[in-house]
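A.B. asks: One structure, pasted below without further comment.
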Amino acid sequence: MNGGVESLGSVNPYLSSMRRKRPAALTVNDYVEGILRGDVTMLSRAVTLVESMLPEHQVIAQEVVERCLPHSGKSVRIGITGVPGAGKSTSIDAFGMHVLERCGGKLAVLAVDPSSERSKGSILGDKTRMERLSLHHDAFIRPSASSGSLGGVARKTRETIVLCEAAGYDKVFVETVGVGQSETAVYSMVDFFLLIQITGAGDELQGIKRGIMEMADGVVINKADGDNIDEARRSAVHLRNALHLFPMPASGIRPQVLTYSGFYDLGIKEVWDMIFDYIAKVKENGAFDERRNSQSRYWMHEAIDEQLRMRFMNAPGVAEKLKACEQLLLSGKMTSFAAAARMLEFYDGLKGNGNG
């Protein structure tokens, strides 16, 4: 019988020596030092760490955020929201280029995509529609999946803002999904809340939706170009009339309504003059610091709620007890409130035994 062919060596004899070695795990000092020197790669890796749900990553991430906190707080934070199709990403591209060219500095854009219900990943790819900003060396764009969080804001956006500020980004945009839900989350982390509207979308009715309109520090109507200019101006009049029905904001500054075109870069300067004028006034009258302090308190309470929920869900025996209560609930033998009370009693018992 044929003994076969002698085994040949590797096609590329240098392949074994060229194989990549797994990089050493980064320490907290590595992350912090990289962020403080403005290393974009290190900043990106730190943001990924912050967004991770793994407990071991969360421990490192929280220490990195704490170390970066003294170096943050010096930026102007602007929230941008609006209905889908209002042109938020195109507008951010125009706004960002204008502010970088006019003021210099560095800009971070935290663009929050709606999450896919199946994969939980981003589905819009907003970065692809910020063509100029994505190529600018002083711009950092970070799309993140919203993961179903209220208001379309990624759960860790506030920590990401701290990291970006520590890395030297003095202007931060936070773009929300804008699906008509509560925008309280983004309002509670920015200094100026900009609402983008479009014409022909029920502007008269949009103007009297108190939830979103009362939070807006400024309202702008996009796509005011070509044959749409007159319609945009009429919409602006309707919105101004609606805003006068609302009480004066805590800032003491009534929101303005402007028209512009993000696609053609028309009226961009006027929008930014409005924003800069607002920031200057609230810093002068003390509303800026008061708002920042209020936001810090809000996020402390949010963190407490989140930590309590995590401790509750991870406590021994809770998962099994929860399934049993759910069965009683679904069979109609117990109300939702009674089931919740029973679960809390069970958890209190665990704490009394030293297991909570």
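A.B. asks: Among the residues in region 146-154, are any at pLDDT 85 or above, closer than 18 Å to SER294 by Cβ and of a type outside the set (D, E, K, R)?
C.D. replies: Looking through region 146-154, none of the residues is at pLDDT 85 or above, closer than 18 Å to SER294 by Cβ and of a type outside the set (D, E, K, R).
A.B. asks: Here is a follow-up. So how many residues does region 308-350 have that are free of Cβ contacts under 8 Å to residues at least 12 places away in the same chain and not hydrophobic (A, V, I, L, M, F, W, C)?
C.D. replies: Selection size over region 308-350: 13.
A.B. asks: Return the pair list, or none, for Cβ contacts closer than 7 Å from residues in region 46-68 that are touching a residue at least 60 places away in the same chain (Cβ under 8 Å) to residues that are surrounded by fewer than 19 Cβ atoms within 10 Å (Cβ to Cβ) and among the aliphatic types (A, V, I, L, M), at least 6 apart or on different chains.
C.D. replies: Cβ pairs passing all conditions: VAL64/VAL28.
A.B. asks: When you scan region 251-309, how many residues do you find that are touching a Phe, Trp or Tyr at 6+ places or on another chain (Cβ under 8 Å) and farther than 26 Å from ARG129 by Cβ?
C.D. replies: Number of matching residues: 5.
A.B. asks: Also, quick follow-up: Condition test on ARG297, is it in contact (Cβ under 8 Å) with a residue 60 or more places away in the chain, surrounded by fewer than 15 Cβ atoms within 10 Å (Cβ to Cβ) and not aromatic (Phe, Trp, Tyr)?
C.D. replies: no
The values are calculated or read from the model by the stated rules, or taken from the named source; none is laboratory data. Only a predicted model underlies this, so the values are computations on that prediction, with no experimental measurement involved. All Cβ positions, glycine included, derive from the backbone under ideal geometry; neighbour counts span all protein chains shown.
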